[in-house]
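Notes to accompany the following structure.
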Amino acid sequence: MWLIFTYSCFASTLSVENYFLFLLKINIMIKFAYTIFYVTDVTASILFYEKAFGFKRKFIAETNEYGELATGDTTLSFASTELANKNLSKGFIESDAKNKPFAMEIGFTTDDVETTMDKAIKAGAILVEEAKTKPWGQVVAYLKDPNGFLIEVCTPMT
């Protein structure tokens with residue numbers, strides 16, 4: 001029904017073929033594919049996440065400017081600050097573990113928050129907030145990675 005109505009609205013301006021091309025364009029699926037952290041050392045960052053959380057490396061570019069980890073549906077990526085400066089002509093704010101974290105976080109779910117936190121801290125993570133049970137029953141804790149990026153470690157929402 002919607003197709004007939006919308007086509008009749010556009011009939012005077014679009015052919016049937018162009019109308020369906022139009023529909024394809026407005027119905028394009030957008031997928032959250034990856035998060036990129038800008039870091040001073042791509043290899044060290046990937047090694048940390050492998051050791052702390054057990055993620056698997058997809059690759060690190062030979063130039064050490066970019067690398068990716070397989071983390072599930074969304075890829076966790078790292079780009080060197082040098083590459084970021086090339087890409088972002090007006091600059092950016094670099095993360096620093098000595099500063100407060102940015103007003104954003106990445107979140108990892110696990111059935112065992114305490115064990116995951118301990119493993120990450122042994123790998124070099126910085127404790128921000130101990131695990132707490134939220135009113136909705138979820139256990140949530142916060143760390144910073146060695147670059148200062150905020151990580152939430154929590155139980156899955158059910």
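No lab work stands behind these numbers, since they all come straight from the coordinates. Owing to the predicted nature of the structure, the values given are computational and were not obtained by experimental measurement. Every residue, glycine among them, receives a Cβ derived from its backbone with ideal geometry; neighbour counts consider all protein chains shown.
Projecting each Cα onto the charge dipole of region 96-158 (Lys/Arg +1, Asp/Glu -1 at the beta carbon, about the Cα centre), which of Ala120, Thr110, Asn147 comes out farthest on the positive side? Projecting each Cα onto the dipole axis, the largest value belongs to Asn147.
Over the chain, dividing the summed -39,500 (n - 2.57) contributions of all DSSP H runs of at least 4 residues by the number of residues returns a 222 nm mean residue ellipticity of -9500 deg cm²/dmol.
Can you classify region 30-104 as rounded, prolate or oblate using the Cα gyration tensor, where a ≥ b ≥ c are the square roots of its eigenvalues, rounded means a/c under 1.5, and otherwise it's prolate if a/b beats b/c and oblate if not? Note, shape of region 30-104 comes out rounded. Beyond 25 Å in Cα-Cα separation lie the following of the pairs Lys100/Lys132; Lys31/Lys100; Lys56/Lys119; Lys86/Lys119; Lys51/Lys90; Lys58/Lys144: Lys31/Lys100; Lys86/Lys119; Lys51/Lys90. The amide H of Phe37, built 1.01 Å from its N in the peptide plane, has Ser77, Phe78, Ala79 as neighbours under 5 Å, considering only residues 5 or more places off or on other chains. Basic side chains Lys and Arg get +1 at the Cβ, acidic Asp and Glu get -1 at the Cβ, and with that the dipole of the chain about its Cα centre reaches some 260 debye. Listed values (1) 66, 44, 28; (2) 55, 30, 27; (3) 57, 44, 35 include one computed from this model; for Cα extents along the principal axes in Å that value carries the label (1). Most tightly packed first, judged by the mean number of other beta-carbon atoms within 10 Å of their residues, the peptides 48-57, 127-136 read 48-57, 127-136.
Put simply, when 28-36, 103-111, 116-124, 140-148 are sorted by average Cβ atoms within 10 angstrom per residue, most first, you get 140-148, 116-124, 103-111, 28-36.
Measuring nothing but how far apart in sequence close Cα pairs (under 8 Å, 6+ apart) lie, relative to its length, the chain scores a relative contact order of 19 percent. For the peptides 87-93, 68-74, the ranking by mean Cβ contacts within 10 Å, running from highest to lowest, is 68-74, 87-93.
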